[in-house]
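Participant: One structure is given below, represented as structure tokens, and several questions about it will come after.
The values are calculated or read from the model by the stated rules, or taken from the named source; none is laboratory data. Remember, predicted model here, so these are calculated numbers, not experimental data. Every residue, glycine among them, receives a Cβ derived from its backbone with ideal geometry; neighbour counts consider all protein chains shown. Note: accessible area is taken over every heavy atom of the protein model, side chains too, but ligands, DNA and RNA are not part of it. Shrake-Rupley method; radii C 1.70, N 1.55, O 1.52, S 1.80 Å.
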Amino acid sequence: MSTRRPLRKGSAKDVDEGVRLGTEQSAGERVLVEAAQSDPAKFEVLYLLHFERVYAFVASRVRERSTAEDVTSEVFHKALASLPSYEWRGVPFVAWLLRIAANAIIDHAKRAAREFLAPDDPPDRAAAPDLQASEMRAIEYRAQLFLLVRRLPEVQKQVVYERFVEQRSIREIAQRLGKTEGAVKQLQLRAIQNLRAQMEGGHG
Amino acid sequence: MAKRSLALQLDEVVQWMLVSLRPQPEETPDRELASLTRVAQALRDLPREEFRVALKSDLQRRASMSEGKAASASAAGTGEAKAKTVHYQRPGLTAITPYIIVRPAAQFMEFLKSCFDGIEQMRIPAPDGSIMHAEVEIGNGAIEVSDGNAEYPTAPAAVHLYVDDPDATYARTLQAGATSFYAPTDDHPSGDRWGAVKDSFGNHWYIAKPRGWTPGPEGLRSVQPYLHLREAHKMIPFMETVFGAEALGVHKSPEGIVHHATIRIGNATLEIDEAHGEFQPMPCHLHVYVPDTDAAYARALESGATSIEAPRNTPYGDRAAGVKDAWGNSWFIATYLGK
């Protein structure tokens with residue numbers, strides 16, 4: 001018996017660092033993946049940890065929201081199905097997920113291309129499977145931001161979802177929330193300032 | 001004035017962005033506005049909450065379909081599944097133990113022994129001679145202690161202790177350098193004889209003797225963490241969801257402010273109330289035993305906690321994970337695998 005909690009450095013943080021750098025792998029994540037391999041119900045943890053990253057990556061390459069959702073859904077279903085064959089080679093789990101995502105995006109583009117474009121017009125933009133560090137950082141930034149939105153005070157969160165997800169007008173939101181338009185704009189500002197402050201501090 | 005105009009300016013940018021899918025070219029670049037715009041731009045890709053939740057249930061359904069064969073494979077290997085459902089708590093600890101990190105921990109342990117008749121059960125030194133981990137048994141509960149380190153800094157806690165003689169215990173703490181909030185009194189709203197002190201390490205001790213309280217089936221716990229929280233009412237659903245907790249007695253004001261609540265997790269309890277007066281939030285460390293660490297960890301993240309450490313098997317035979325709740329408390333979630 002060595003140490004009891006909470007004396008070891010948090011390895012979930014290492015996971016985050018690894019993801020940020022796109023290179024490292026942590027023992028903690030390996031345990032999670034292996035747990036999910038022997039018990040698929042534990043895949044849920046991996047999903048919760050990586051949903052935002054996968055979605056951020058897909059949404060950055062696929063503009064249409066419904067397509068982004070289809071592709072994201074496909075990625076996790078495929079990952080769950082292929083998990084038993086996933087082998088540990090020091091590749092971060094998120095990199096494996098993003099590779100599945102990159103392929104899914106290409107498939108989608110090809111299917112769309114067959115319908116709308118000349119067949120010899122391949123969609124190059126989505127094709128690069130190796131992510132640049134800068135793109136990795138951008139994904140990490142967005143994933144973190146999406147998580148933080150869920151923790152905003154209730155009414156600010158509501159304004160953010162109504163405005164950015166539902167794309168409602170300020171007037172409509174004001175009516176739905178029973179507030180003045182000025183108040184809704186203030187809430188929008190407060191929410192975004194809040195998010196910016198949290199993104200700048202405390203997430204190193 | 002200036003703030004209001006910033007709200008308007010920002011909304012113009014957002015409006016433009018949502019319509020044209022790109023940020024408005026800024027003619028007079030304002031740094032404040034530009035940095036807000038960056039955030040707003042990223043929010044355009046914000047996933048729908050309903051989608052995130054629906055996909056999760058989808059995957060759970062799918063996983064449960066393939067579970068049959070995988071479950072038999074894992075159970076055959078280790079016998080772990082059985083151990084988890086029967087004995088998920090480490091012997092000597094209850095479901096909830098305060099983990100108090102103060103310096104010097106060795107001195108703090110002396111305080112626990114001399115004031116509360118604590119019995120040292122374990123002491124693991126770090127290479128530099130400080131205390132990496134220790135356990136002190138008090139009554140039918142325990143307190144875990146450490147000097148901490150850079151990752152786990154000092155975090156005094158508030159603890160409710162049930163003792164046989166609160167007046168004598170109170171006096172001993174004062175002799176050991178504690179300062180008094182108030183001496184034991186019969187007028188405490190709980191109906192218990194109840195006094196309160198702050199020790200020289202910064203911990204609060206609410207020293208009480210139960211009167212007219214019917215102990216639970218397993219008896220009253222000597223050691224109960226006491227959390228003073230802002231928006232304490234939100235802690236109850238958090239603990240219910242994550243730990244399968246049960247609120248045993250919730251006293252609320254008509255406005256919904258929690259004056260006091262006792263929450264049971266497994267065979268132990270803790271207490272919460274809305275922070276007030278001298279009893280302000282003290283984010284602390286708590287060690288909790290649950291039947292399934294992985295599931296509790298996932299539910300915690302789902303409920304807005306952040307990960308400190310993903311589930312892993314520890315060298316001392318627990319499966320353990322760490323999360324930090326929205327109030328800043330660290331929960332060390334563990335399942336004793338029983339070796």
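Participant: For chain B, find the longest principal axis of its Cα atoms and tell me its angle to the long axis of helix B:293-302, 0 to 90°, nearest 10.
Facilitator: 50
Participant: Still on this structure: Other chains near B:295-302: what is the mean number of their Cβ atoms within 10 Å of each residue's Cβ?
Facilitator: Rounded to a whole number, the mean comes out at 4.
Participant: What is the set of long-range amide H partners of residue B:158 at a cut-off below 5 Å, with H atoms built 1.01 Å from backbone N?
Facilitator: When sequence neighbours closer than 5 places are left aside, the close amide H contacts are B:204, B:226.
Participant: Quick one: 3J(HN,Hα) in Hz for region A:56-65, Karplus 6.51/-1.76/1.60 with θ = phi - 60°, rounded, Gly and Pro as x.
Facilitator: 4, 5, 5, 5, 6, 10, 10, 6, 5, 4
Participant: Whole percent per 10 Å bin, from 0 to the bin with the longest distance: what is P(r) over all C-alpha pairs of region B:221-271?
Facilitator: 26, 59, 15, 0
Participant: Calculate I(q)/I(0) for chain B by the Debye formula, one identical point scatterer on each C-alpha and no solvent, and give its log10 at q = 0.11 Å⁻¹ to two decimals.
Facilitator: For the requested q values the scattering log ratios are -0.84.
Participant: Sort A:172, B:274 by heavy-atom solvent-accessible area, probe 1.4 angstrom, most to least.
Facilitator: A:172, B:274
Participant: Which value in nm describes the separation of the simple spin-label points at residue B:182 and residue B:65, placed 7 Å from the Cα toward the beta carbon?
Facilitator: 6.2
Participant: Given axes a ≥ b ≥ c from the Cα gyration tensor, I'd like to know whether region B:169-322 is rounded (a/c under 1.5), prolate (a/b larger than b/c) or oblate.
Facilitator: prolate
Participant: Another question about this same structure. Please go through the residue pairs A:157/B:198; B:198/B:234; A:78/A:185 and name each one whose alpha carbons sit more than 31 Å apart in this structure.
Facilitator: A:157/B:198; A:78/A:185
Participant: Go through A:64-71, B:118-125 and give me the packing order, highest mean Cβ count within 10 Å leading.
Facilitator: A:64-71, B:118-125
Participant: Run the paramagnetic zone check for residue B:48: 7 angstrom along Cα to Cβ, then residues of region A:51-66 with backbone nitrogen under 11 Å.
Facilitator: A:65-66
Participant: Then there is this: Below 10 angstrom from the Cβ of residue B:257, what's the summed charge of the other residues (Lys, Arg +1; Asp, Glu -1)?
Facilitator: Around residue B:257, the charge tally is -3.
Participant: Still on this structure: What is the set of long-range amide H partners of residue B:260 at a cut-off below 5 Å, with H atoms built 1.01 Å from backbone N?
Facilitator: B:251
Participant: Next question, about the same structure. With everything on Cα atoms, drop me the angle between helix B:49-78 and the longest principal axis of chain B, reported from 0 to 90° to the nearest 10.
Facilitator: So the helix axis and the longest Cα principal axis differ by about 50 degrees.
Participant: On C-alpha positions alone, give me the angle between the axis of helix B:105-116 and the longest principal axis of chain B, in degrees, nearest 10.
Facilitator: So the inclination is approximately 50 degrees.
Participant: Please label the shape of region A:38-98 as rounded, prolate or oblate, based on the square roots a ≥ b ≥ c of the eigenvalues of the alpha-carbon gyration tensor (a/c under 1.5 means rounded; beyond that, a/b larger than b/c means prolate, else oblate).
Facilitator: Because a/c hits 1.5 or more and a/b exceeds b/c, region A:38-98 counts as prolate.
Participant: Show B:250, B:197 ordered by accessible area, largest first, where the area counts protein heavy atoms only and the probe is 1.4 Å.
Facilitator: In descending accessible area the options line up as B:250, B:197.
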